[in-house]
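The values are calculated or read from the model by the stated rules, or taken from the named source; none is laboratory data. Computed from a predicted model, the values in this text were never measured in an experiment. Here Cβ is always computed from backbone atoms with ideal geometry, including for glycine, and neighbour counts include all displayed protein chains.
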Amino acid sequence: MSIAGTMITPSNEIARALQINLPVVALESTVITHGLPHPQNIQLAREMEAAIRGEGATPATVAVIEGKVRIGLSEDELTRLAEAESPLKVSHRDFATAIVKKRSGGTTVAGTMLAAHQAGIKVFATGGIGGVHKESPFDISTDLRALAEIPMIVVCAGAKAILDLPATLEYLETMGVPVVGYQTDKFPEFYSRDGNLDISVRLDSPHEIAEFAQAHWSLGLHSAVLVANPIPESDAIPRLNMEPIIAQASKEAKEKKIHGQKLTPYLLQRISELTNKRSLQANLALLLNNARLAAQIAKALAGNPRRMV
Ligand code: PSU
Ligand code: MN
């Protein structure tokens with residue numbers, strides 16, 4: 001089956017789950033193609049899918065495979081994506097490139113939202129969203145535009161650690177995107193839980209988050225609801241430890257003139273080295289934690305169908 005007028009093809013499992021209103025959680029795949037090293041990337045992708053199934057929801061990893069936008073990957077497709085030689089990083093502007101050139105690629109938060117929303121999926125788990133970069137005011141992630149325009153619940157652990165977080169939060173406010181702190185009063189900062197930036201509302205249960213999103217959308221608003229879920233305590237790295245490491249990695253990237261799509265992978269790799277892989281462990285832990293919460297929210301939403309808009 002493909003969605004009318006689009007090139008998007010959900011797997012049979014996802015099409016069926018959506019038809020009978022079972023809880024489904026979309027997963028991005030840039031984290032597989034560009035965010036994590038091999039083989040942690042494929043291990044993590046499988047673990048996230050298993051965590052979602054463990055909560056009683058269906059995982060729908062989104063990616064472009066040889067020019068086809070797929071929602072729900074087979075084991076074989078997941079393995080091929082994780083081992084792909086030079087996969088694309090697919091955000092809004094890159095879909096047509098991947099389709100026309102029959103390339104494979106991982107979808108970013110924005111790309112995943114676009115495809116998953118068209119398929120009818122309402123909940124999505126990622127690690128960190130893109131945002132406004134430091135020292136380069138025109139480098140603003142398409143993720144922020146997607147959050148402004150696409151009505152989904154997006155569960156993250158904050159934004160990429162290297163970003164200008166106050167500017168990113170201002171942008172989200174301007175675009176009318178609620179930032180929900182899950183069991184926290186402050187915006188979590190990816191590797192760290194001890195940030196000091198404000199969220200727009202604190203909610204303490206998946207059920208409350210489902211109700212909140214329904215209330216938001218019932219007003220005719222079309223923006224996403226961003227849920228910021230702090231990294232588990234046992235894997236968190238204090239902000240004061242991370243700050244100099246992120247600054248050093250960023251400085252080295254600048255000296256080596258690394259920018260554009262290569263910047264994040266370089267920084268993540270370097271930060272992992274500088275923290276003796278503690279940051280990699282943190283990244284894996286927060287991704288799994290977000291998958292679980294997203295599944296719980298999807299279940300709460302599916303259990304409340306009469307109030308859907
Ligand atoms: N956060 C990370 N690592 C990543 C990403 C986010 O810690 O690799 C990915 C996500 O897929 C996000 C994308 O959507 O980076 C944003 O990229 P850009 O800033 O180029 O829009
Ligand atoms: Mn960017």
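Odds and ends about this structure:
- Among the residues of the range 148-182, those that are in contact (Cβ under 8 Å) with a residue 60 or more places away in the chain and either over 23 Å from GLU243 (Cα atoms) or touching a Lys or Arg at 6+ places or on another chain (Cβ under 6 Å) (or both) comprise ALA148, GLU149, ILE150, PRO151, MET152, ILE153, VAL154, VAL155, TYR182.
Quick grid of which residues meet (1) within 27 Å of ALA159 (Cβ to Cβ); (2) of a type outside the set (Lys, Arg):
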| residue | (1), (2) |
| --- | --- |
| GLN40 | yes, yes |
| ARG53 | no, no |
| ILE65 | no, yes |
| GLU77 | no, yes |
| ALA98 | yes, yes |
| GLY105 | yes, yes |
| THR112 | yes, yes |
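- Unmet criterion (only one of (1) more than 10 Å from ligand 1 (Cβ to nearest atom); (2) at pLDDT below 95; (3) within 14 Å of the chain's Cα centre (by Cα)) for LYS122: (2)
- Considering ALA148, ALA159, the condition of being surrounded by 24 or more Cβ atoms within 10 Å (Cβ to Cβ) and either under 25 Å from PRO59 (Cβ atoms) or more than 12 Å from the chain's Cα centre (by Cα) (or both) is satisfied by ALA159 alone.
- Reported count of residues in the range 142-163, each being in contact with a His (Cβ under 9 Å, 6 or more places away or on another chain) and either more than 16 Å from ligand 2 (Cβ to nearest atom) or modelled with pLDDT of 95 or more (or both), is 8.
- Some residue of the range 205-224 being more than 25 Å from LEU280 (Cα to Cα), part of a strand (DSSP E or B) and touching a Leu at 6+ places or on another chain (Cβ under 9 Å): no
- Condition met for ALA115 (touching a His at 6+ places or on another chain (Cβ under 9 Å), crowded, with 24+ Cβ neighbours inside 10 Å and not in a strand (DSSP E or B)): no
- Considering only residues in the range 52-62 that are in contact (Cβ under 8 Å) with a residue 40 or more places away in the chain and in contact with a strand residue (DSSP E or B) (Cβ under 6 Å, 6 or more places away or on another chain), the one that is surrounded by the most Cβ atoms within 10 Å (Cβ to Cβ) turns out to be VAL62.
- First in the range 110-123 and in contact (Cβ under 8 Å) with a residue 40 or more places away in the chain and closer than 21 Å to SER141 by Cα, second anywhere and of a type in the set (D, E, K, R) and within 16 Å of ligand 2 (Cβ to nearest atom), Cβ under 7 Å, 6 or more apart: THR112/GLU28
- Condition met for ASP164 (more than 26 Å from PRO232 (Cα to Cα) and among the acidic types (Asp, Glu)): no
- Candidates in the range 68-94 are the residues that are more than 16 Å from ligand 2 (Cβ to nearest atom) and touching a residue at least 60 places away in the same chain (Cβ under 8 Å); of these, the one that is surrounded by the fewest Cβ atoms within 10 Å (Cβ to Cβ) is SER74.
- Filter pass, VAL64 being under 17 Å from the mean Cα position of the chain (by Cα), in a strand (DSSP E or B) and more than 14 Å from THR107 (Cβ to Cβ): no
- Verdict on SER136 being crowded, with 18+ Cβ neighbours inside 10 Å, within 16 Å of ligand 2 (Cβ to nearest atom), among the polar types (S, T, N, Q) and under 18 Å from ALA159 (Cβ atoms): no
- Hits in the range 257-274 (condition: surrounded by 18 or more Cβ atoms within 10 Å (Cβ to Cβ), out of contact with any Asp or Glu (no Cβ under 8 Å at 6 or more places or on another chain) and closer than 17 Å to ILE237 by Cα): LEU267, LEU268, ILE271, SER272
- Taking the criterion of being of a type in the set (Val, Ile, Thr), free of Cβ contacts under 8 Å to residues at least 40 places away in the same chain and either within 16 Å of ligand 2 (Cβ to nearest atom) or outside any helix (DSSP H, G or I) (or both), the residues of the range 233-287 that qualify are ILE258, THR275.
- Whichever residue in the range 92-112 is part of a loop (DSSP other than H, G, I, E, B) and over 12 Å from the mean Cα position of the chain (by Cα) and, among such residues, is nearest to ARG193 (Cα to Cα): SER104
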